[in-house]
1. Output the number of residues of the stretch 213-224 satisfying the condition of being in a helix (DSSP H, G or I) and closer than 21 Å to Val35 by Cα.
2. May I ask you to say which residue of Thr173, Thr184 is in a strand (DSSP E or B), of a type in the set (S, T, N, Q) and surrounded by fewer than 20 Cβ atoms within 10 Å (Cβ to Cβ)?
3. Would you point out the residue of the stretch 122-170, among those that are among the basic types (Lys, Arg) and not in a helix (DSSP H, G or I), that is surrounded by the most Cβ atoms within 10 Å (Cβ to Cβ)?
4. If Glu130 passes every condition in (1) under 30 Å from Arg307 (Cα atoms); (2) in contact with a strand residue (DSSP E or B) (Cβ under 7 Å, 6 or more places away or on another chain) but one, which one does it miss?
5. Just to verify a result, which residue in the stretch 225-238, among those that are assigned to a loop (DSSP other than H, G, I, E, B) and touching a residue at least 60 places away in the same chain (Cβ under 8 Å), is farthest from Val186 (Cα to Cα)?
6. Any chance the stretch 292-299 includes a residue that's touching a Phe, Trp or Tyr at 6+ places or on another chain (Cβ under 8 Å) and either among the aromatic types (Phe, Trp, Tyr) or free of Cβ contacts under 8 Å to residues at least 12 places away in the same chain (or both)?
7. Search the stretch 196-230 for residues being crowded, with 20+ Cβ neighbours inside 10 Å and of a type in the set (S, T, N, Q), and hand back the single one that is nearest to the chain's Cα centre (by Cα).
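The values are calculated or read from the model by the stated rules, or taken from the named source; none is laboratory data. Quick caveat, the model's predicted, so the values are computed rather than measured. Backbone-built Cβ (ideal geometry, glycine too); neighbour counts: all protein chains shown. Surface accessibility is based on the protein's heavy atoms, side chains included, excluding ligands, DNA and RNA. Shrake-Rupley method; radii C 1.70, N 1.55, O 1.52, S 1.80 Å.
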Amino acid sequence: MRARYGVPLGITAATAAGVVYAAGFEARSFRLRRVTVPVLPEGMRPLRVLQVSDIHMVSGQRKKQRWLQSLAGLRPDFVINTGDNLSDPEGVPEALDALGPLMEFPGAYVFGSNDYYGPKLRNPARYLIEKLQGRHGLNGNAPAVGVVHNPWEDLRDAFDAAGWVGLTNTRGTLKIDGYEIGLTGVDDPHIKRDRYARVAGGPESSADFSIGVVHAPYIRSLDAFTADGYPLILGGHTHGGQLCIPFYGALVTNCDLDTDRVKGLSRHTAGGHDSYLHVSAGCGTNRYTPVRFACPPEATLLTLTPRRDWHE
């Protein structure tokens with residue numbers, strides 16, 4: 001009996017322990033990552049940018065709320081929210097409560113698909129299958145039907161009332177200590193709502209520094225921002241791969257970005273230009289897959305510093 005059932009029982013126990021760890025510990029093991037990006041024009045003082053992404057708030061997630069509130073203690077110069085704040089139609093009040101202290105700072109935002117639509121239960125293996133088939137989101141898949149519509153307008157209205165700049169296929173600016181920060185954003189490419197043609201043309205000439213902002217870092221958006229001369233692009237969506245293999249990394253990005261750049265700082269080249277790209281692994285999960293493995297939830301404090309080889 002021992003020889004017949006020992007291995008299967010051992011595998012089952014190890015799998016169960018892994019699930020308990022991934023859901024009960026790592027998915028709630030919030031942390032701050034700090035990154036320095038040498039990207040500002042010479043002469044500008046360093047700027048501290050807090051990026052929050054993929055909160056996927058579900059009612060009752062008190063620890064996540066408290067952690068997000070605590071980030072206000074960092075005193076950033078401004079905040080960029082790269083979308084997917086919700087994973088529950090009832091989660092808007094708690095998302096706004098969590099972000100309330102951060103909304104005291106200048107900020108800007110784009111939305112992701114989960115701000116607009118509630119998640120659906122799906123087999124996680126489908127992400128691997130879609131990767132192999134070159135299909136991601138609505139980019140190659142059939143349109144979603146029977147989806148829950150989230151009250152994203154309530155989020156928008158609260159962000160706007162706090163003075164955060166909406167970047168849904170549009171441009172905006174923030175004034176930080178006399179500097180003008182140009183911001184250009186597109187709506188979520190994952191559900192084909194991006195309209196880069198509306199904002200094409202590159203950074204505003206009056207801006208001291210400019211950033212491109214997008215929820216899902218699809219290559220078409222990264223190419224467009226980079227070819228237009230944006231020195232820094234911020235995105236989210238990938239969850240850093242969410243379920244990663246230790247010492248190997250992510251298996252999927254849930255978009256057409258390569259897994260080597262699934263999270264953190266990297267470079268992107270297009271149209272003879274080169275941009276820094278920062279992809280946040282985010283601090284939440286889809287409510288139906290509330291697990292993370294070898295990929296803890298995060299927010300990022302980016303310190304932007306002057307680059308010595310900057311050329312106008």
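1. Number of matching residues: 1.
2. The unique qualifying residue is Thr173.
3. For the stretch 122-170, the residue satisfying everything is Arg135.
4. Among (1) under 30 Å from Arg307 (Cα atoms); (2) in contact with a strand residue (DSSP E or B) (Cβ under 7 Å, 6 or more places away or on another chain), the lone unmet condition for Glu130 is (1).
5. Going through the qualifying residues, I end up with Pro231.
6. Yes.
7. It comes out as Ser221.
Conditions tested, residue by residue: (1) open to solvent by less than 10 Å² (accessible area, probe 1.4 Å); (2) touching a residue at least 24 places away in the same chain (Cβ under 8 Å).
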| residue | (1), (2) |
| --- | --- |
| Gly240 | yes, yes |
| Leu243 | no, yes |
| Ser266 | no, no |
| Leu277 | yes, yes |
| Thr285 | no, yes |
| Pro290 | no, yes |
| Leu304 | yes, yes |
